[in-house]
Amino acid sequence: MDTTMLMDKNRASEICTKALSYVTGGQGEVTLYQSAGPLTRIANNAIHQNVETMDLNVSLRVDAGGRSGRATTNQTDDASLRALAQQAAAAAAAITGDQELPPLMGPQAYREIPAYDEGSARLEPEQRARMVRQAVDLALRDKVELAGLVSNGFHVRAMANSSGLFAYHRTSSLTMEITARSGLAAGRCAKTVRRPAELDPAQVAATAIRKCLGSRDARALEPGEY
């Protein structure tokens with residue numbers, strides 16, 4: 001996946017600052033959320049779908065005269081951010097009665113959390129396919145059918161307000177979910193990691209298969225003390 005689309009701290013700050021600059025009355029608080037989620041889906045021991053989603057959301061709250069309004073957009077050009085501020089202000093003005101609104105928080109010092117890994121953010125369909133191959137090889141050996149998915153991606157979150165607060169955080173992850181079936185028996189295993197090296201596709205599949213095979217020929221167990 002092309003991570004050049006990932007919004008860095010400077011770009012997120014630029015968008016937040018621009019949105020707040022269009023708040024002409026009262027105070028503003030803006031939140032920004034961006035995500036990308038490629039996914040490889042498995043059914044009947046084969047890949048049957050590769051998809052990728054990208055989402056961007058900018059939400060602006062305007063507090064004015066004891067009233068609060070919010071508007072949201074998925075566009076970041078100047079005209080859209082200006083319209084966003086106008087819509088939030090109009091929503092605040094439409095509210096009847098004053099509210100007891102707490103003051104906006106000022107600048108804070110946040111500890112940076114290393115939750116982002118380029119490897120899990122950039123994982124390509126071919127790499128996910130190789131993980132699926134390891135799982136399917138075990139399924140064919142044990143004569144079970146697999147379904148599930150391998151997904152990866154990143155998330156960006158930022159927040160800023162008129163009192164000088166700005167915060168930015170980014171994360172990435174890699175997830176493998178496998179369900180093994182044999183007749184009426186089934187077993188499942190899922191694992192989410194930050195780095196690709198932390199995921200063992202064969203181990204995930206083997207766990208699901210072991211649960212499946214262990215549930216064959218299930219018998220009723222009456223209530224009682226054991």
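The values are calculated or read from the model by the stated rules, or taken from the named source; none is laboratory data. For clarity, every value in this text was computed on a predicted model and none was experimentally measured. So basically every Cβ, Gly included, is an ideal-geometry build from the backbone, and we count neighbours across all protein chains shown.
Summary of computed values
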item	result
Failed condition for G153, given (1) on the phi > 0 side of the Ramachandran plot; (2) out of contact with any strand residue (DSSP E or B) (no Cβ under 9 Å at 6 or more places or on another chain)	(2)
Exclusive hit being closer than 30 Å to L20 by Cβ and in a strand (DSSP E or B), set G153, G148	G153
Set R216, R128, R141, R210: member being more than 30 Å from R61 (Cβ to Cβ), of a type in the set (K, R) and crowded, with 19+ Cβ neighbours inside 10 Å	R128
Residues of segment 14-68 satisfying the condition of being under 15 Å from the mean Cα position of the chain (by Cα) and either polar (S, T, N, Q) or on the phi > 0 side of the Ramachandran plot (or both)	Q34, S35, T53, N57
Of residues in segment 162-195 being more than 30 Å from V62 (Cα to Cα) and in contact (Cβ under 8 Å) with a residue 60 or more places away in the chain, the one farthest from the chain's Cα centre (by Cα)	I178
Tally of residues being modelled with pLDDT of 95 or more and either surrounded by fewer than 16 Cβ atoms within 10 Å (Cβ to Cβ) or basic (K, R) (or both) across segment 160-195	10
Residues that are under 29 Å from R157 (Cα atoms), part of a helix (DSSP H, G or I) and basic (K, R), drawn from segment 101-143	R122, R128
Segment 1-13 - residue that is surrounded by fewer than 17 Cβ atoms within 10 Å (Cβ to Cβ) and assigned to a loop (DSSP other than H, G, I, E, B) and, of those, modelled with the lowest pLDDT	D2
Close pairs from segment 201-223: first under 21 Å from M176 (Cα atoms) and among the hydrophobic types (A, V, I, L, M, F, W, C), partner surrounded by fewer than 10 Cβ atoms within 10 Å (Cβ to Cβ) and modelled with pLDDT under 95, Cβ under 6 Å, at least 6 apart	none
Near pairs, Cβ below 8 angstrom, 6+ apart or cross-chain, from segment 93-121 (more than 30 Å from G37 (Cα to Cα) and at pLDDT 90 or above) to any residue that is surrounded by 10 or more Cβ atoms within 10 Å (Cβ to Cβ) and among the charged types (D, E, K, R)	A93/R67; L104/E29; L104/D63
Selection from segment 186-211 of residues that are touching a Ser or Thr at 6+ places or on another chain (Cβ under 7 Å) and assigned to a helix (DSSP H, G or I)	P196, A208
Segment 69-89 - residue that is surrounded by fewer than 19 Cβ atoms within 10 Å (Cβ to Cβ) and farther than 26 Å from M5 by Cα and, of those, nearest to the chain's Cα centre (by Cα)	R70
Of all residues making up segment 3-52, the number that are over 21 Å from G164 (Cβ atoms) and without any contact (Cβ under 8 Å) to a residue 60 or more places away in the chain	6
